[in-house]
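Engineer: Starting off with a structure, shown below.
Just so it is clear, none of the values below were taken in a lab; they were calculated from the coordinates. Keep in mind that this is a model prediction, so the values were computed, not measured. Virtual Cβ from ideal backbone geometry, glycine too; neighbours counted across all protein chains shown.
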Amino acid sequence: PRYRAILAVDIEGSTARTDPVKAELRRTLYRLLEEAFNRAGIGRGYREEYVDRGDGALVLVHPFDEVPKTLLLHPVIPILSGLLAEYNSAQTISPGGDRRIRVRVVVHAGEVQSDGHGNFGEALDVAFRLLDSAEAKEALRRTSAPLALVVSEDIYHSIVRHGYEGIRADCYVPLVRLEVTGRSHQGWVHDAGAARAAAAHRRAGVPAWRRPPGPRRRRSPVASTHLTQPTKRVVARPVVVGTFITTTTERTATAT
């Protein structure tokens, strides 16, 4: 086995797209992933070839001194989120299909095995169970950002909770609980709303133990109607929220 940092992504709603649209989204996702890693200084010499997942991809990174796991959370994730927001802002919704890309992302690390047919091992099982969890999918549905992030318990305790540069521990909420090979694993979902609620309680002097759980955010009415109004043009402006990029959205009628 080889120790690897693990980053995997999955495109939201890909099964509802036509094959030509899927092909375009796949090309775009790989291009944006490559740009995000390169801009973060993680060149191909520090990672293995992308492993195709049909509607997503797996990236295995060699966590040498030059590429600490912290880089995956910052700056790779914010860069990727920004690139997705920029790409989506240029897309229009037409009868040919929605070409915007929204993804779930998981970050984990552990021992990975290979046998000539591919990669396998408990670490990958945990990563993909977190990525496919109902809580991760719900987190993406609730946000206007193009990306929802879930990290493993190992990543949270070894990196996130220490608050390294660009990483805010108060943005992560322990929402996922699952079992793999008889062991319980927890997943922490990035939630900028939880950070805002915690900050408000601190300002009000409310002790941590008396604070209610973070708010369950709903997507805005505008965001929820994107797929039902093909005659509208979507114009999204990237806005930084926590460590992610979200968008504010304007709608203008197109000529008919």
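Engineer: Determine, for T181, T70, T143, T28, the number of other Cβ atoms within 10 Å of each Cβ, and report the residues in order from fewest to most.
Structural biologist: By the 10 Å Cβ count, ascending, the order reads T181, T28, T70, T143.
Engineer: Also: What are the residues whose amide H is under 5 Å from the amide H of H185, where those residues sit 5 or more places off or on another chain and H is modelled from the backbone?
Structural biologist: Here L178, E179, V180 satisfy the definition.
Engineer: Counting Lys and Arg as +1 and Asp and Glu as -1, what is the net charge of the other residues whose Cβ lies under 12 Å from the Cβ of R161?
Structural biologist: Details: positive: R168; negative: E153, D154, D170.
Charge balance near R161 sits at -2.
Engineer: Within a 10 angstrom radius of the beta carbon, how do D98, D191, D19 rank from fewest other beta carbons to most?
Structural biologist: Numbers: D98 20, D191 24, D19 7.
Least to most surrounded, the residues fall as D19, D98, D191.
Engineer: Which of I101, I6, I167 comes first, and how do the rest follow, when ranked by fewest Cβ neighbours within 10 Å?
Structural biologist: In order of increasing Cβ crowding within 10 Å: I167, I101, I6.
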